[in-house]
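Structure first, commentary second.
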Amino acid sequence: MDRQVGPGERRRAAAVTPPVIHVAAALTVDAEGRALMVRKHGTTVFMQPGGKIEPGESPLDCLRRELLEELGLDLPADAFTWLGTFEEDAANEPGHRVLAEVFRLKIDASTPVVAAEIAESIWVDPVAPGDIDLAPLSSRALLPILVG
């Protein structure tokens, strides 16, 4: 017996969803309204400081830990203002998405000192960040907040 199955009965392959990396990030500004950007060793892309949230860790606790490890910033919880959750293509992990819990922070420009996996930090004008490679999260979602 020949049997045909109509389109409504065919099993369709599920769409492949890219893996998601859950992070906490700081949209950090100075008194001049410039945004702090960091670049990790072995990469070319600048992004907001922050990092991956560990199991059982809150986004704010993660961010405070990462800022201390990477930039020597030991800041109280009340120094941070919640901005929201943003999703974009990951900068350094091809085929991945980043889900970022973002907090705003204002600090003195002379305060950060690069350490750990951070190779370089720079302060950029969010309107005209210059000729640097920016993470999609930074260029598409976070820096525009400072411009608006």
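The values are calculated or read from the model by the stated rules, or taken from the named source; none is laboratory data. Keep in mind the model is a prediction, meaning the values are calculated, not measured. Neighbour counts are summed over all protein chains in view; Cβ atoms, including those assigned to glycine, are modelled from backbone coordinates with ideal geometry.
General observations
- Residue that is modelled with pLDDT of 95 or more, part of a loop (DSSP other than H, G, I, E, B) and more than 12 Å from the chain's Cα centre (by Cα), where the choices are Leu68, Leu75: Leu75
- Selection status of Ala109, in a loop (DSSP other than H, G, I, E, B), among the hydrophobic types (A, V, I, L, M, F, W, C) and surrounded by 18 or more Cβ atoms within 10 Å (Cβ to Cβ): no
- With respect to the conditions (1) closer than 18 Å to His96 by Cβ; (2) surrounded by 14 or more Cβ atoms within 10 Å (Cβ to Cβ); (3) among the small types (Gly, Ala, Ser), Gly42 falls short on a single one, namely (2).
- Among residues of the stretch 89-142 being polar (S, T, N, Q) and within 25 Å of Glu57 (Cβ to Cβ), the one that is modelled with the lowest pLDDT is Asn92.
- Count of the stretch 97-122 residues which are among the hydrophobic types (A, V, I, L, M, F, W, C) and farther than 13 Å from Leu27 by Cβ: 10
- Residue match in the stretch 72-82 (condition: surrounded by fewer than 21 Cβ atoms within 10 Å (Cβ to Cβ), closer than 19 Å to His22 by Cβ and without any contact (Cβ under 8 Å) to a residue 40 or more places away in the chain): yes
- Restricting the stretch 8-30 to residues that are modelled with pLDDT under 55 and not aliphatic (A, V, I, L, M), the residue that is farthest from Leu142 (Cα to Cα): Glu9
- Tally, over the stretch 112-147, of residues that are touching a residue at least 40 places away in the same chain (Cβ under 8 Å) and either buried (at least 17 other Cβ atoms within 10 Å of the Cβ) or outside any strand (DSSP E or B) (or both): 24
- Residue check for Trp82: under 14 Å from Ala35 (Cα atoms) and in a strand (DSSP E or B): no
- Single condition Gly95 does not satisfy, out of (1) surrounded by fewer than 18 Cβ atoms within 10 Å (Cβ to Cβ); (2) touching a residue at least 60 places away in the same chain (Cβ under 8 Å); (3) more than 30 Å from Thr17 (Cβ to Cβ): (3)
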